[in-house]
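J.: Sending over a structure as structure tokens; questions will come in a sec.
The values are calculated or read from the model by the stated rules, or taken from the named source; none is laboratory data. These figures come from a predicted structure and were not determined experimentally. Quick reminder, even Gly has a Cβ in these numbers, built from the backbone with ideal geometry, and neighbours come from all protein chains shown. For accessibility, only protein heavy atoms count, side chains too; no ligands or nucleic acids. Shrake-Rupley method; radii C 1.70, N 1.55, O 1.52, S 1.80 Å.
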Amino acid sequence: MQTPVRDRLLNLIKREFEPFRFAAEMLARSALKTPRAARNWLSGTNAPDAEALIELMASSDSIADEVIALVQQRRKEREGEKCRGLSSGYAGSHGSEHTTGHHHQCM
């Protein structure tokens, strides 16, 4: 079974920041949020919002790389679903291809 995205993100944040003595303060600074919010992320109580996630990605290559890997994984999963749907006669999509900017062909 796959680890949920939220858990993967929080584990990554912990790995990246927990080794430091002032982890919450460093994390807060990187995300442009409060130390309290950062402590909640480190404890797993809450997860960063979209704005904080973008700031974290901008400040940490490893966080950016992991989020991009998650996006690529999700795209592959969706592509597999679309291809299976086409082979069973269902040509529907889970979203408008016009808004995604990506057009994939099933092989």
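J.: Which helices (runs of 4 or more DSSP H) sit wholly inside the chain and have at least 1 residues that are open to solvent by 40 Å² or more (accessible area, probe 1.4 Å) and modelled with pLDDT of 95 or more?
T.: Where helices (runs of 4 or more DSSP H) fall fully within the chain and carry at least 1 residues being open to solvent by 40 Å² or more (accessible area, probe 1.4 Å) and modelled with pLDDT of 95 or more, they are 5-17, 23-31, 35-43, 50-59, 61-87.
J.: Give the residue that is farthest from residue 11 (Cα to Cα), with candidates limited to residues of segment 24-82 that are in contact (Cβ under 8 Å) with a residue 12 or more places away in the chain and β-branched (Val, Ile, Thr).
T.: Ranking the qualifying residues of segment 24-82, first place goes to 67.
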